[in-house]
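The structure appears right after this line, and notes come after that.
The values are calculated or read from the model by the stated rules, or taken from the named source; none is laboratory data. This structure is a prediction, so every number in the text was calculated from the model and none was measured. All Cβ positions, glycine included, derive from the backbone under ideal geometry; neighbour counts span all protein chains shown. Calculation scope for accessible area: heavy atoms of the full protein, side chains included, ligands and nucleic acids excluded. Shrake-Rupley method; radii C 1.70, N 1.55, O 1.52, S 1.80 Å.
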2 protein chains.
Amino acid sequence: MTELLLRDARIWGHEDAADLLIRDGRIAEIRRAGQDGAGDGAEDLGGRLVLPGLVDGHAHLDKTLWGGPWVPHDAAPGLMGKIRNGQERRPEFGVPNADFVTALLENMIVCGTTHVRSHVDVDPLVGLGSVEAVREAVERHDGRISAELVAFPQAGMLISPGTEALLEEALKAGVESIGGLDPAGVDQDAVKHLDAVFALAERYGAGVDIHLHDGGTLGAWQFELIIERTKILGLGGKVTVSHAFALADADPATRDRLISGLAEARIALATVAPNRGLLPLRLLGEAGVPVTLGNDGVRDLWSPFGTGDMLERALFQAKGTGPRDEDIELALDAATYGGARVLGLRDYGLSVGDHADLVVVDARNAAEAVCVRPRRSLVVKSGRIVARDGVLA
Amino acid sequence: MTELLLRDARIWGHEDAADLLIRDGRIAEIRRAGQDGAGDGAEDLGGRLVLPGLVDGHAHLDKTLWGGPWVPHDAAPGLMGKIRNGQERRPEFGVPNADFVTALLENMIVCGTTHVRSHVDVDPLVGLGSVEAVREAVERHDGRISAELVAFPQAGMLISPGTEALLEEALKAGVESIGGLDPAGVDQDAVKHLDAVFALAERYGAGVDIHLHDGGTLGAWQFELIIERTKILGLGGKVTVSHAFALADADPATRDRLISGLAEARIALATVAPNRGLLPLRLLGEAGVPVTLGNDGVRDLWSPFGTGDMLERALFQAKGTGPRDEDIELALDAATYGGARVLGLRDYGLSVGDHADLVVVDARNAAEAVCVRPRRSLVVKSGRIVARDGVLA
């Protein structure tokens, strides 16, 4: 029986300071602060804020150059320019590289992320090499962070022969979800693309997470196709649409229609909080559509930006969502509870019985934590201290 | 004679590592790294990057609540809602407060800012109290940071009787510049407003810095009025337009016309890199219009966001400017050399003879410094180490 006592904690959502007793990886007791004497395994938080472990719901771990060389960005503009740049220059830098992924995961851990969903490129050039690199890196961290993978046809599926078979191979090898990519705008046949993706999901009991950059009416139409298939196959609760720019940019009537459809089909959304294309979190929350927030690619051949810090990503979302504490908390919710809901994490949170995945921040409240993003004082995964003051424990 | 030797420095813009000898507050010598033995006052930078001291060209120091209570944002939407909220709730929290300003300046210093231009509210309610609070806070830091103030009619000038006389009083009391605020949109008479502001500037030899949120054709028209007055009065090089949303959002023909006019009149721009309303830094640079970047208000009754970190602000700018190293450096230029140019800082930079205002970052190049924004290793102001590893020295 392992125990950890966090004394004088300000738990997000609670009024008073509390002592948090963690036993065997779960929150065992929450008591009024000051009831306990010091003891072995006790940490005095000094009134710091405790958040549930941050959830990165949309990453591309396999692509990262973190811990490797600095590569000046040199892709042609637009989505296809980035796709080609990623494919063509990957070998030059030895990407995918388990060392780079390990380094990025380390930064994510010290920043308080305890679970990540990573899309992982699957294509005829790399085969399942990216899946293997990411899995190896996660294993090296020995339980400090958990990960769910999405087999992702980054270079297209129909337009990249051999990819569909590889996606199936990935699912056979235990990859949890299957991805899709702009069924119309990139893969040129929305119906055929979605039929294939959903068929694989059904056959292997996998989740679905579709990148949908396509905007306007083309994007809105594909939402309808995804909603239709999710309902017919009874995959509600297992389908995510990532980016969803068509919804972000839609006129109010279209937006409301899409949101209703998503809610009815129990489809979730993932966003990376770009400057343009921010999702209407309040409306989505009111409609019951869960949203997960993610860092997207971090320092890779697509973009030099990013650090893996989910509080920073929450700030990017909050800057668009609004300045009120409750607006900022909406963004943090997407980085925590929303992500857990989308990714199907059970017993996630700050109640007795929940898994003890926690992050401690020197802030007076959640809004301040997002605005200032102090170095994380403590990160706990499954009841074990995995990072302290920005350094892996 | 005081000396400081920075060994093994990677100077922004230089190929090879160098040793930087600082004497009596200036850069005295730049030598190839490794030529010097260790000595008193020697700091081994281990190849870290040296940037010139960051310049915050648009702050509102007087408004801050930094170091004070957390105040959930509660203003009505829009510019006027924020103006009213700031005015009405100021007394409730004892704003302006020299302690809060001191605390914010401390965070700016440890983040590498060595000079700041702060707009300071002047109105019949606060009188010159904000000027005094900011001056006191700057003095408390005893040369660790320098500041230039702009007497700013935040509540309007024509619509707030008594303000014009107070602005004049501020200039008499040595405040360096006079501000203006949406001469049409807020103050209701663009010509009268600008004539009064420019007349005061001319009389007292002061600079001018006009907040121009007004967009569209109304904003474009006011640009023309400002350009006209700057030329006639020969105030080229002393006038800044802040925010400049009308230029950011203009159609290409209007934008190009405004940029030509600004360049001809030698008017500068200030931006705080909002999600929407990013200035076209490359075009402005090509036209010779200098741009300074600023943090705007930091945690005040206008907004809970902000930390005072200019590298973070450069990231916000770079996220819109582009992912190439040279795009990111454009944003950093606005946070350094551009700011120095707009604010008229003499002998600013990284050459022999320049003032030794420097910041040291653990990054391989400028783009990485902006993308990652590591805790600043060392901050030097006038040749003196003023902060180290995020703590005031």
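For this structure, a couple of remarks:
- With distances taken between every two different alpha-carbon atoms, region A:49-138 has a Kirkwood hydrodynamic radius of 14.0 Å.
- 5 angstrom amide H check on A:TRP12, placed H, neighbours 5+ away: A:VAL50
- Surface share of carbon and sulfur [accessible, 1.4 angstrom probe, percent] for region A:54-343: 51 percent
- Label spacing, shortest first and in nm, from B:ALA199 to its equivalents in the remaining copies (7 angstrom along Cα→Cβ): 8.1
- Sequence-separation-based contact order of region A:248-313, relative, with Cα cut under 8 Å and 6+ spacing, percent: 28 percent
- Region B:231-340: trypsin sites (Lys or Arg not before Pro) in DSSP coil with no more than 12 other Cβ atoms inside 10 Å: B:ARG276
- Residue and whole-Å distance for the chain A Cβ lying nearest the axis of the A-onto-B rotation are A:ASN275, 2.
- Other copies of A:LEU158: label-to-label distances in nm, shortest first, labels 7 Å along the beta-carbon direction: 6.1
- What region A:81-189 shows is 34 Å² of accessible area per residue, with the surface traced by a 1.4 Å probe over protein heavy atoms.
- Long-range amide H partners of A:ASP44 with built H, under 5 Å: A:ARG7
- Using a Förster distance of 22 Å, the FRET efficiency for A:GLU15-B:ARG89 (Cβ separation, nearest 0.05): 0.35
- Residues in region B:348-393 occluded by at least 10 Å² - accessible area, probe radius 1.4 Å, against chain by itself: B:ARG364, B:ASN365, B:GLU368, B:CYS371, B:VAL372, B:ARG373, B:ARG375
- Take A:GLY47, push a point 7 Å out from Cα through the beta-carbon direction, and compare it with the same point in every other copy: 4.4 nm, smallest first.
- Total charge dipole magnitude, region B:55-343, about the Cα centre, Cβ charges on Lys, Arg, Asp, Glu only, Debye to nearest 20: 200 debye
- The B:ARG384 and A:ASP249 beta-carbon pair, evaluated with R₀ = 51 Å, returns a calculated FRET efficiency of approximately 0.50.
- Occluded residues from region B:277-308, i.e. those whose accessible area drops by 50 Å² or more once the chain is not alone (1.4 Å probe): B:PHE305
- Prolate/oblate/rounded call for region B:322-380, Cα gyration tensor, a/c under 1.5 rounded: oblate
- Among B:LEU293, B:LEU20, B:LEU225, the largest mean-square fluctuation in a Gaussian network model of chain B (Cα springs under 10 Å) belongs to B:LEU225.
- Scalar couplings 3J(HN,Hα) for region B:217-228, obtained by applying the Karplus form with A = 6.51, B = -1.76, C = 1.60 to θ = phi - 60°, are 5, 5, x, 4, 4, 5, 4, 4, 5, 5, 4, 4 Hz; x denotes Gly and Pro.
- Tail weight of P(r) past 27 Å, computed on alpha-carbon pairs of chain A, percent: 47 percent
- Distance histogram in 10 Å bins (all Cα pairs of region B:213-299, percent per bin): 18, 56, 24, 2
- Distance between region A:163-231 and region A:272-335 - C-alpha centres, whole angstrom: 23 Å
- In terms of accessible area, using a 1.4 Å probe and ignoring ligands and nucleic acids, B:THR254, A:THR2 rank largest first as A:THR2, B:THR254.
- The accessible-area loss of region A:56-82 on complex formation, taken against its chain alone with a 1.4 Å probe, reaches 50 Å² or more at A:TRP70, A:HIS73.
- Between the helical axis of B:78-89 and the longest alpha-carbon principal axis of chain B there is an angle of about 80 degrees.
- Nearest-0.05 FRET efficiency for A:GLU286 and B:GLU286, computed from C-beta distance (R0 35 Å): 0.15
- Reciprocal of mean inverse Cα separation for region B:132-178 (Kirkwood radius, Å): 11.7 Å
- With an a/c value under 1.5 for the gyration tensor axes a ≥ b ≥ c computed over the alpha-carbon atoms, region A:295-393 is described as rounded.
- Leaving ligands and nucleic acids aside, the B/A contact buries around 3100 square angstrom of accessible area in total at a 1.4 Å probe radius.
- Helix A:310-321 and the longest principal axis of the C-alpha atoms of chain A enclose an angle of approximately 70°.
- Summarised as an ellipsoid, the protein assembly as shown has semi-axes of 44, 30, 28 Å, derived from the eigenvalues of the Cα gyration tensor scaled by 5 and square-rooted, with the largest first.
- DSSP bridge orientation in chain A - percent antiparallel, rounded to nearest 5: 45 percent
- When all alpha carbon pairs of region A:1-157 are counted in 5 Å bins from zero, the resulting P(r) reads 2, 8, 15, 16, 14, 11, 9, 7, 7, 7, 4, 1, 0 %.
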